[in-house]
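J.: Encoded as structure tokens, here's the structure I'll be asking about.
The values are calculated or read from the model by the stated rules, or taken from the named source; none is laboratory data. Just so you know, these numbers come straight off a predicted model, no measurement behind them. Positions of Cβ are backbone-derived with ideal geometry, glycine not excepted, and every protein chain shown enters the neighbour counts. Remember, those area values only see protein heavy atoms, side chains included, never the ligands or the DNA or RNA. Shrake-Rupley method; radii C 1.70, N 1.55, O 1.52, S 1.80 Å.
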Amino acid sequence: MAKSKKEIISIQSVSKIYNLGETVVKALDNVSLSIYDNDYISIMGPSGSGKSTLMNIIGCLDVPTKGKYKFKDELISEMDDNQLANIRNEKIGFVFQTFNLLPKLNAMQNVEVPLIYSSLGRKERIERAEEALHIVGLQDRMTHKPNELSGGQRQRVAIARALVNKPSIILADEPTGNLDSKSGNEILKFFAKLHKDGNTIIMVTHEESVAKLSKRRIDIFDGKIARDE
Amino acid sequence: MEKLLEMNNFFKNIIIGLFSVRSNLTRVILTASGLTIGIFTVSIVSAAVSSIDKEFAKSMDYYGNDKVYVGTWPWSFDFDWWKYRNRPKIEESSLEYITQYSEYITDVSIKKNTWTRATYGNKASWVQLNGVYPSYQDMLSGTKIENGRFFSQNEWDLQRRVIIVGGTVRDGFFQGKDPIGKKIRLNNVTFEIIGELKKQGIGMVPGGTLDNLVIMPSTTFERILTRWGFDELVLQTNPEDIPLAKEEVGMIMRVARKIPPGDDDNFAVNSADAYMEQFNTMKNAIAGMGFLVTGISLVVSAIGIMNVMFVSVRERTREIGLRKAMGATNFNILTQFLSEAVAIAIIGGSVGIALIRLTVFGLASFPIPNFNGATLPISFDLLLVFYTFTVCVFIGVLAGLIPARTAANLNPIDALRDE
């Protein structure tokens, strides 16, 4: 790992504690982590280990109970809901296991969703969405609705949606979990290409074979980082 | 610029809200129909009330706000027939007492009333006949001589057979041509038309229309037609003097008729403002009932919309989570769901307006046969449309606020995990 690379994310002594009535759950326990430009990271760990919590915090969907989270120069751990929403909109692209496409919108409109919450005009939104669908190779499927697309194609639409705002990092939560192995491999190849093109990718998975393709692997166990290499 | 971008964002969220209305059209229409009924009733009630008002104003013009009428019957809806039927006829001679003693009455006329058959060629019609003094020319209210002239003192003295006709005679007998100089027969006596009155339309007065009217000298009326017409005294005063004038005229009448102190009046002093009270009571009763029913249906439809909005939020929890993950702020989501609720309300209101428009159109295109081609007086104004939309937006916001807030405050992580 070339340490001379620019640091994008700096997580310092972050804890996340859930208060579930009687019991207190420490989902993350004093975790520190740096993520650099053009990293390709897989986060692994059994269910309940805290990997989803880490993912949510990195993705600015949640704020830590304790510790500091800096994204570039911005202190995420101190932000309110609106500021977090803006960071998510501008800096982060999400890819979900279940695609999470809106069934009533076509591929093009689905890709456009993040742009609606930015300040772009209509013309520019369309151009950007077309460009993103072009990158994932779905330029012929722009007007298709999700139920007219295969699983692999749906995930590619979701990736296009993640790319459309030119985010600093792409967060993928089990992106191949709902796909057959052939489509899954295609998606993984695609992630490799995105990485080669200079994108920063963070992927949560529990499949060894998937994790092997990434350049850096972080194992989480009981809310602590067990391995980072 | 910042402001402009924010506005732009605001409208984008409204469009998203409208889009989801389109994709659930059946449900939306069913929900909105409650509001349609509410808006329809409120419109009908307002239209009815404003029409009553308009007609009423016209009727007020007919009687005038500056006149006192003396007759046997009081102008009231709850009169006691047995009490009034045996009252003595109004005597024309009372006018002399009034002219002599009254401080407030500036001009007087008799008004003899009857209904008679008017014929011209082979056409016939019933008309209301008034026999009056020449002074009545200046006491016409709500209308005036539009064509020709009133009869003169000389014609009155000589009991000439000259008449002034109301606006419907021209259309009924002369196909819209000038009736001046023409001769028509009333009760088989020939009369010459010397003047024509301006049209007034339908009013809430006995007989309904104000235009089916023929005026002639009271002397002629008495000699040629009947001595048994129903007589009234028409007394001119100033609008602000009406209460005093009525009281004064009542006292003079008692003296003229030599009614002993303590006995009841055997005549009635009337004026338009007494009518006004009666009408206002009626109008308020109609409006009160209508608005109560409407209020209930509006509340029920607001609850309906709220319910559908809760369902919509529940169904689209994942969508909300996704939109938030993609950068939608709480305010974005709030706007989206609020505009959905308002859109449902406006759809309901618009259908209501379309219905009321159709109803008004339907009513207006069926003339009432007995009123010489006049139609039922019901009005429809643009202000109503404006009020309806205001009410719809208000109800939409009211009904949508709690569900939209629920949606806006959802935690994106939980929302995304929703099955």
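J.: So in region A:43-75, with the set limited to residues that are farther than 18 Å from A:Ala172 by Cα and within 14 Å of chain B (Cβ to nearest Cβ), which one is surrounded by the fewest Cβ atoms within 10 Å (Cβ to Cβ)?
T.: The extreme case among them is A:Val63.
J.: Ok, one more. In region A:8-34, which residue that is touching a residue at least 60 places away in the same chain (Cβ under 8 Å) and of a type in the set (A, V, I, L, M, F, W, C) is nearest to A:Ile58 (Cα to Cα)?
T.: Per the criteria, the residue is A:Ile9.
J.: Could you say whether any residue in region B:283-290 is β-branched (Val, Ile, Thr), out of contact with any Cys (no Cβ under 9 Å at 6 or more places or on another chain) and either open to solvent by less than 30 Å² (accessible area, probe 1.4 Å) or assigned to a helix (DSSP H, G or I) (or both)?
T.: Within region B:283-290, one or more residues are β-branched (Val, Ile, Thr), out of contact with any Cys (no Cβ under 9 Å at 6 or more places or on another chain) and either open to solvent by less than 30 Å² (accessible area, probe 1.4 Å) or assigned to a helix (DSSP H, G or I) (or both).
J.: Determine which member of the set A:Leu101, A:Leu20 is touching a Pro at 6+ places or on another chain (Cβ under 9 Å) and open to solvent by 20 Å² or more (accessible area, probe 1.4 Å).
T.: A:Leu101 is the lone residue from the list that is touching a Pro at 6+ places or on another chain (Cβ under 9 Å) and open to solvent by 20 Å² or more (accessible area, probe 1.4 Å).
J.: Got a sec? Which of B:Tyr69, B:Tyr104 is in a loop (DSSP other than H, G, I, E, B) and at pLDDT 90 or above?
T.: After applying the criteria, what remains is B:Tyr104.
J.: Take B:Val308 and decide whether it is touching a strand residue (DSSP E or B) at 6+ places or on another chain (Cβ under 6 Å) and at pLDDT 85 or above.
T.: Spelling it out, it is not the case that B:Val308 is touching a strand residue (DSSP E or B) at 6+ places or on another chain (Cβ under 6 Å) and at pLDDT 85 or above.
J.: Assess whether B:Phe291 counts as being away from chain A (no Cβ under 14 Å) and at pLDDT 90 or above.
T.: Criteria not met by B:Phe291.
J.: For region A:105-117, state whether one or more residues are in a helix (DSSP H, G or I), open to solvent by 50 Å² or more (accessible area, probe 1.4 Å), closer than 28 Å to A:Lys51 by Cβ and within 13 Å of chain B (Cβ to nearest Cβ).
T.: No, there is no match, as no residue in region A:105-117 is in a helix (DSSP H, G or I), open to solvent by 50 Å² or more (accessible area, probe 1.4 Å), closer than 28 Å to A:Lys51 by Cβ and within 13 Å of chain B (Cβ to nearest Cβ).
J.: Now a separate question. Quick one: is A:Lys123 closer than 30 Å to A:Lys6 by Cβ and either under 14 Å from the mean Cα position of the chain (by Cα) or open to solvent by 10 Å² or more (accessible area, probe 1.4 Å) (or both)?
T.: no
J.: Okay, moving on. Pairs needed: first member in region B:157-176, closer than 18 Å to B:Ala124 by Cβ; second member anywhere, part of a strand (DSSP E or B) and aromatic (Phe, Trp, Tyr); C-beta distance under 7 Å; at least 6 residues apart or different chains.
T.: B:Ile163/B:Phe191; B:Phe173/B:Tyr120
J.: In addition: Of these, B:Gly321, B:Gly262, B:Gly304, which one is farther than 30 Å from B:Thr36 by Cβ and either surrounded by 14 or more Cβ atoms within 10 Å (Cβ to Cβ) or within 14 Å of chain A (Cβ to nearest Cβ) (or both)?
T.: B:Gly321
J.: Can you work out which of the residues in region B:155-177 that are touching a strand residue (DSSP E or B) at 6+ places or on another chain (Cβ under 7 Å) and assigned to a loop (DSSP other than H, G, I, E, B) is surrounded by the most Cβ atoms within 10 Å (Cβ to Cβ)?
T.: Here the residue is B:Gly166.
J.: Kindly evaluate A:Arg141 against the criterion of being farther than 21 Å from B:Ile16 by Cα and either open to solvent by 40 Å² or more (accessible area, probe 1.4 Å) or more than 13 Å from chain B (Cβ to nearest Cβ) (or both).
T.: Spelling it out, A:Arg141 is indeed farther than 21 Å from B:Ile16 by Cα and either open to solvent by 40 Å² or more (accessible area, probe 1.4 Å) or more than 13 Å from chain B (Cβ to nearest Cβ) (or both).
J.: Pick from B:Tyr62, B:Tyr84: which is in contact with a Phe, Trp or Tyr (Cβ under 6 Å, 6 or more places away or on another chain), open to solvent by 20 Å² or more (accessible area, probe 1.4 Å) and either modelled with pLDDT of 75 or more or not assigned by TED's automatic domain parsing to the domain that holds B:Lys112 (or both)?
T.: Answer to the selection: B:Tyr84.
J.: Test A:Gly67 against the stated conditions and say whether it is part of a strand (DSSP E or B), on the phi > 0 side of the Ramachandran plot and over 18 Å from the mean Cα position of the chain (by Cα).
T.: yes
J.: Same structure, new question: So, in region A:85-95, how many residues would count as being under 19 Å from B:Leu410 (Cα atoms) and either modelled with pLDDT under 90 or touching a Leu at 6+ places or on another chain (Cβ under 8 Å) (or both)?
T.: Residues that pass the stated criteria total 2.
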